[in-house]
Structures are given as C-alpha cells and as structure tokens.
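A quick write-up on the structure given underneath.
Derivation of every value follows stated rules applied to the coordinates shown; laboratory data play no part. Given the structure is predicted, the values throughout are model-derived calculations rather than measurements. Note: ideal-geometry Cβ built from the backbone for every residue, glycine included; neighbour counts use all protein chains shown.
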Amino acid sequence: MQLLQAGQHKLIYLELQPVMVANIARQAGFEPRAKDSQRSIQLELSAPGRQAPLLLFDAADPANLGWFSRCQFYVDGRSGAVMQTPMTLANKRDRGGTPHHNSVRLAISKELPASFRLPGQQALTEQVFYNLLLNFLNALTKTGVAVCGAGVVQPLAGRTESVGPRN
C-alpha cells in the first residue's frame, strides 16, 4: 500500500497482485479471467459447473426476505458499486442482452481516497482486501448478495421477474 498525493488530493494505492486475486477466485469456486491495468483489476468470473444461479437477488422483493436478513454485501443496482468496498459488479450478458446466471464481471479499484474506510472504521490494506474479496465471492455462491434498486445490475436468483404487463 502506498500513499499518493496529487495536488491537494491524497490517495491510497493498493498494490494488489492479479495472480493472488485469481487464486482467491478459484478458491471460492470460480473460473477467473483477470485483466490488470494501472488503476484497476477487471475480473470475469464464471462458475460453469454450478447448477443454480449465483445468489445475486433483488433486495426489494418481500419473497427474498430470508436472503436479505443474512446477507453481508449490498450492490447499488444503478451503478453496480458494492457498497462500502472498492469493487463494482456487473452482469455478464449474452449477445441478446440476457444476463448469464453463472457469470459476473467484477472491477476492483486500486486507487481510493485516503479517507476510505470499511464498515467499523477499519483501514483497507492488501491483506484486508484479499479477505474481503474471498468473503464477497463466497457470498455470491453461498449466502447471497442483495441488489438494492433497479438499474443496470439485474438479480440472478430468487424472484427476478418484474411486476406489470409483459410486452
């Protein structure tokens, strides 16, 4: 971890290892494809042997209340930001625009404001991030991740149909 200064702005630069990130994804049961850039790491995560969809569900649907009560991670449906983390989630789609039920895209930001803190005011380091990533990926396969609000990220599990007439 480095502390960078750009004018009056201070940034934390995480020195994440793409190989380590990919190994953590494999440990959680995913087949990762990682692309490293100077400011972020992009991952395409797929779980081809998985029978059920990834546990990305609509938090607003009362039928998903059981999942919502035990979930640890929340995704902003409009932006894809995994709340209070340096990660952004997106659906992986086929050519027709339908989301894959066993694949997602995950972007990890390496540059964060110096004031960035995890819940509980914990500072973010590389080791803490690796643990956070493993917990998030396990949540996608075991306990569930809530999508809050409608937008670009679509739920994959639970009741996912929209209310209203279909055209």
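Tell me the angle of helix 126-138 to the major Cα principal axis of the chain, expressed in degrees between 0 and 90 and rounded to the nearest ten.
Compared with the principal axis, the helix lies near 10 degrees.
Starting at the first residue of region 14-24, write each ³J(HN,Hα) from the Karplus equation 6.51 cos²θ - 1.76 cosθ + 1.60 with θ = phi - 60°, in whole Hz, x for Gly and Pro.
7, 9, 7, 9, x, 5, 5, 4, 5, 5, 5
Among DSSP bridges having both ends in region 2-148, what percentage is antiparallel? Round to the nearest 5.
Antiparallel: roughly 80 percent of the beta bridges in region 2-148.
Of Pro18, Cys71, Leu56, which is farthest along the charge dipole of region 1-89 in the positive direction, counting Lys and Arg as +1 and Asp and Glu as -1 at C-beta?
Ranked along the dipole, the leading option is Pro18.
Counting only C-alpha contacts under 8 Å and six or more residues apart, can you give the relative contact order of the chain as a whole percent?
33
When we measure straight from the Cα of Lys110, which aspartates and glutamates land under 20 angstrom away, once same-chain ones fewer than 8 places off are left out?
Those aspartates and glutamates meeting the cut-off are Glu15, Asp36, Glu44, Asp76, Glu126.
Near Asn102, within a Cβ-to-Cβ distance under 11 Å, what is the net charge of the other residues, with Lys and Arg +1 and Asp and Glu -1?
So the surrounding residues net to +1.
Which ordering of Val145, Val82 is given by a fewest-first count of other beta-carbon atoms within 10 Å? Kindly include the intermediate steps, with their values, before the conclusion.
Details: Val145 27, Val82 22.
The fewest-first ordering by Cβ neighbours comes to Val82, Val145.
Around Glu31, which amide H atoms from residues at least 5 apart in sequence, or from another chain, sit under 5 Å from its own amide H, with H modelled in the peptide plane?
The list, which skips near neighbours in sequence, is Ser46, Ala47.
Dividing the convex hull volume of the Cα atoms of the chain by its residue count, what figure in Å³ per residue is obtained? Spell out each step's value before the answer.
Numbers: hull volume 23.0 nm³, N = 167.
For the chain, the hull spanned by Cα atoms encloses 138 Å³ per residue.
How large is the charge dipole for region 2-148, taken about the Cα centre, if only the Cβ atoms of Lys, Arg (+1) and Asp, Glu (-1) carry charge, to the nearest 20 debye?
Here the size comes out at about 140 debye.
Give me the distance between the Cα centres of region 66-139 and region 44-61, rounded to whole Å.
Result: 14 Å between the Cα centres.
Evaluate the relative contact order of region 1-93 (contact order divided by residue number), counting alpha-carbon pairs under 8 angstrom at least 6 apart; express in whole percent. Intermediate values should be presented prior to the final figure.
Working: 74 pairs, mean separation 10.4, N = 93.
Relative contact order here is 11 percent.
At 222 nm, what helix-only mean residue ellipticity would the chain give, in deg cm²/dmol to the nearest 500, using -39500 (n - 2.57) for each DSSP H run of four or more?
Counting only the DSSP helices, I get -5000 deg cm²/dmol.
Using the count of nearby Cβ atoms within 10 Å as a rough guide to exposure, how do Met87, Met1 rank from fewest to most? Provide the component values of the computation, followed by the final result.
On the way: Met87 22, Met1 16.
Going from sparsest to densest Cβ surroundings: Met1, Met87.
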